Amino acid sequence: MMAADGFAGLGNAVQRKGSAQQLADEILGRILGGDISPGTPLRESVVAREAGVARNTVREAIRILVADGLVQHFPNRGAAVCELTGDDVRDLYRVRLMAELEGIRSATGLSPAQQATFEQSLAAFGEAAESNDPNAFVAADLNFHTLLVDLAGSPRLDRLYRSITNEVRFGFSLLTAADREVEYSEPLVSEHRAIYQALAGGKLDRCAELLTEHLEHYKCRMADLVERRSEQRPAAAGE
């Protein structure tokens, strides 16, 4: 029987409305927060019992999570939280780099409003680092990078980037938990500040160079982490 620890109390905010989207959001938060681990099966009966909702609501919530990329449905086996592979990480960062570089290339000069938005983002990043809150730290990091993509002014590129955001958050959350990134955050905060300063100063080539180095570094670290986790998993399961 599947342990329900990660699902205990699920749906406290959902029971009154029975909303599949609300349930999906709560499960997503637990996946990103590490309460529900990669590979965990999402059995309809367990989730429905813990959330206090109908199985139809659970089924629809799972469909939403599958569409978001963090849950996979297996024929005759049901759904389970995805386990990122090294190839998944490399592909995600390939898409990230293309999208974020396009934003930088499109920046002909930041308006005062855009500068203020970036500066607020960096301030929030620093506050999240000081708070030692991993979830806030990951969210602040991705907010900064999303602002780079927004510079391209392309709704389709925005949709593409946002379609991979949950997978990126998932991977970065694993890295943050494993390496206690939030406790040693100053180098990461400084890298973001340098990227912004090059951008605000109109040094787009330098900005692109810094961004590429930054993303390549984290791509390698994250790919190495998920591959090590994959190698260790059979021994941990006693296989």
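General remarks:
- Positive-end extreme of charge dipole, the range 86-237 - chosen from TYR218, VAL149, ASN132 (charges on Cβ): VAL149
- Paramagnetic label zone (point 7 Å from Cα along Cα-to-C-beta, THR117; backbone N under 16 Å) in the range 88-109: 100-109
- Axis of helix 155-179 versus longest Cα principal axis of the chain: the two differ by about 70°, to the nearest ten degrees.
- Sequence ranges 158-170, 71-83, ranked by mean other-Cβ count within 10 angstrom, highest first: 158-170, 71-83
- Computed lengthening from GLU127 to ARG105, 0.36 nm per intervening residue step minus Cα-Cα distance: 5.0 nm
- Dipole magnitude of the range 86-237 about its Cα centre (Cβ charges: Lys, Arg +1; Asp, Glu -1), debye to nearest 20: 400 debye
- The equivalent ellipsoid of the range 86-237 has semi-axes of 27, 18, 13 Å, largest first, where each one is the square root of 5 times an eigenvalue of the Cα gyration tensor.
- Using just its DSSP H runs of length 4 or more, each adding -39500 (n - 2.57), the chain gives a mean residue ellipticity at 222 nm of -23500 deg cm²/dmol after division by all residues.
- Taking 0.36 nm per residue of separation and subtracting the current Cα-Cα distance, fully stretching the chain between GLU227 and ARG156 would add 22.4 nm.
The numbers here are math on the coordinates, done by the rules we state, and not lab data. Computed from a predicted model, the values in this text were never measured in an experiment. Neighbour counts are summed over all protein chains in view; Cβ atoms, including those assigned to glycine, are modelled from backbone coordinates with ideal geometry.
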